[in-house]
Every structure is written in structure tokens, then in C-alpha cells.
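Inspection log for the structure reproduced underneath, given as C-alpha cells.
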Amino acid sequence: MNRFKSLWGGAANLDRSDNETIQQRIRRHVERRGGTPAVWFAPDQFCSYSQMNENATVISEALKSASGASSPRVCFPMPRGSSALYGFLGAIECGTCCPLDGKLRQNEFDEAYSVLLPDVVLSSEPQSIGVKVAAAAGIAIVIYEVSPDHGNCRIIDVKPAKNVRRADRLMTLTSGEAPAVLMRTSGTTAQPKLVGLTHANVLAATDTMRVAFELTESDVCITPMPLHHVHGLIAAALSALSAGSSIHCCERSRLDRSIRHYGTTRRPGLRQRPRCTSL
């Protein structure tokens, strides 16, 4: 029986090379156990590690082609739900992903794009505000669609850029490399800032979570946190996938139902109960 852990939001080095990328880590799981669950979208329905990797590759190739850049900067207004993970993994496979709240208003998208200077905007929602603002700004756009069974992904629309917007000058890290993830702070206590994370930064964080939560390949992890937020994306979803566990992304209102559907943690000497940890 699968163990269940709920993830709400010093690093351990677990067989990790400093040059390893997030996608390389995931491909290690594909090679070893590609048919096992990676992403759950219903209690008895999942996308395997192999399928997830193939979905991400389709998106990655489309982003490179649409942007014309060898390492594009991708703004991704992230929808709620597990299928957003395929878009994120596709973006970081080919360049830098800038996760954004898919529910931003028009003026907020205008500001975000003007600061982040994306080469391309990725979306699974063709009529969304984020796509319309990108089109008005002349930014290249890639729209993807995931099949109902999550078994395949296809590109349903590509709009080339009307304006050349190069992000290369905007931000590189002290190592000279472009970040894998570029996030904007919320601006709660000061003006929003850009925070860049390398693949090594992200994997160090996920390895720490793996140790803290004792994640194993048999664990099913659940998060109600939005994936444009560092807790939902890195502390929960990527930590689960990096460890070889599986992940289900649910709405906050459905957390209790998801806990019932996906099982409980069994610990010797303890009564059976869900393990929910708030980070």
C-alpha cells in the first residue's frame, strides 16, 4: 500500500552532481521505472514518469522553435492542477522558466512581461488574459493541450514574435549561467525582486525535503499550494518527483477529499492516520 504524505509547502547531497539538471534527475527515474506513477490526476489515474517526460519534451521543442533562442526565457502563467507540471518541466528543459500566477490581471501581466522580458509565453489556456496580453505585446506564444488521460501532449497553436525581446542581458547568475527558474517576489514588504535559482539550487532544496519527509518511491504526495508559488512548485511537486515519489496537485477545498482518496501513512507501532505537514 502506498504511503501518503501531504506537503504544504542545509541541503542533503544524495548522489547529486553539481552539473545535474532537474530533467536529468527525472530521466534517471524514467530509465529505472518509467512506467510507475509520477503525476496523479484522479485516484486511479496517473501519468507515468515516461509519459511525463515525453510531454515535457514536446513542449520544450515547441518553445525552442517558437522563440528562436537556444535557451529561451519562458513566462508561464500556470493553471491550477497537475498538468501544469508538464509545461514547467518543458520550459526548464530548454531554458529558464518564469512561473506566474495565471489569475493575474491585465495590468499585472503587462508589468510582469515588461520586467521579465520573455522570449516566449507558454500557456494551456488559449483565451486567458496572460495570452491576450502577450499577443498584444508581440511576444511569441506556445499553446499546449494535454489529453484527458495525460498520456500525450500536443501543441495546438504557435504565434511567432512580432517584436524582438532579448532577455540575455537581463540576468545571469554569478556563475555566468542563466537561471533554471526565475521568480518574482510578492512585494509584500518591499518592491518585487527577481530571484534566480540554478538547477543545483533547486535539486539541493528537493534533496533536503526528501530527507526531512523521508520520501520514498512508494509515496504519494499531495499539495494544495499553487504551482507558481515556491512552496507548491519546489517544496512539494519537484521534491516528490526528484525523490521518485508521485504527486497530486489539488485545490485547497479538495484537500480532505484527496487525503481520503489517496490513502494514509502506515508507521509501525502507530495507528493508521493521514500525515499532513504544513511548511
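Here are the numbers for this structure:
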| quantity | calculated |
| --- | --- |
| Average accessible area per residue (Å²) across region 201-263 - probe 1.4 Å, nucleic acids and ligands excluded | 34 Å² |
| Average accessible surface area per residue within region 100-163, 1.4 Å rolling probe, Å² | 49 Å² |
| Kirkwood Rh in Å, taken over all unlike Cα pairs in region 109-169 | 12.2 Å |
| Relative contact order computed over region 75-118 (Cα-Cα under 8 Å; 6+ residues apart), in percent | 50 percent |
| Cα→Cβ-extended label distance, 7 Å offset, between Glu214 and Glu20, nm | 2.2 nm |
| Region 22-163, accessible surface, carbon-and-sulfur percent (1.4 angstrom probe) | 46 percent |
| Ranked packing of 253-259, 33-39, most packed first, by mean Cβ within 10 Å | 33-39, 253-259 |
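The values are calculated or read from the model by the stated rules, or taken from the named source; none is laboratory data. The structure displayed is predicted, hence computed values, not measured ones. Don't worry about glycine lacking a Cβ; one is built from the backbone with ideal geometry, like all the others, and counts go over all protein chains shown. Each accessible area value is taken on the protein alone, full model and side chains, heavy atoms only, with ligands, DNA and RNA left out. Shrake-Rupley method; radii C 1.70, N 1.55, O 1.52, S 1.80 Å.
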